[in-house]
Amino acid sequence: MGRSLRMGTEEAPFRLRDHFSWRVFMLRYRLCGIAVAVLGCLYFAAPASAHHGFGVEFDETKCSAMTGTFTRFDWSNPHAYFYLNIKDSDGKVTEWTMESISLSSLRRSGTSRQDFIAAIGKTVTVRACPSKNGQPRASAETLKMPDGRVLRVGNAGNRDDTGGTN
């Protein structure tokens, strides 16, 4: 019936303990646990490395007021951005990107999306610190609206998102 029995040989009954090594099982279990722990650490460490410090990107010693036309904005996390067309002394217009604080911090400071919508096409003044790499990009601290209100829209290196000092 499919098995051939030779004289003097018999098959031993199947026993799990003869085919299963606890040492091998524990080694595999331990390696799986280590692999899961390493992957978990990498997963949670990745977002932490993405956030940047103010001083790495922006020069807090060169903060100044910039006046230009508010052209558009991006209202999304982790930071809201707005864009100004700023004319230099030669009359050349350059679009500047202004980085603000997080949306939740903007709301807590009294700034709304509607404020940004109302500013489109109008002249505003921003107090901001330029980027260190020379690009037309800055970290905004305040935004003076056409109606004269001054909105807190950023940190500019001297406050954290909760309004405390760094």
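What to note about this one:
- Taking the DSSP bridge list for the range 54-152 and keeping only pairs wholly inside it, about 90 percent are antiparallel.
- Where a label projected 7 Å from the Cα of Ser64 along Cα→Cβ would reach, residues of the range 117-137 with amide N under 20 Å: 123-137
- Its Cα gyration tensor gives the range 54-152 an equivalent ellipsoid. The semi-axes, each the square root of 5 times an eigenvalue, are 20, 17, 12 Å from largest down.
- Computed lengthening from Tyr81 to Asp147, 0.36 nm per intervening residue step minus Cα-Cα distance: 21.7 nm
- Amide hydrogen neighbours beyond the local backbone of Thr71, cut-off 5 Å, H modeled: Tyr83, Leu84, Asn85, Gly121
None of the figures in this text is laboratory data; all of them are computed from the coordinates on show. On a predicted model such as this, the values are computed, not experimentally measured, just so you know. FYI the Cβ positions are ideal-geometry reconstructions off the backbone, even for glycines, and counts take in every protein chain you see.
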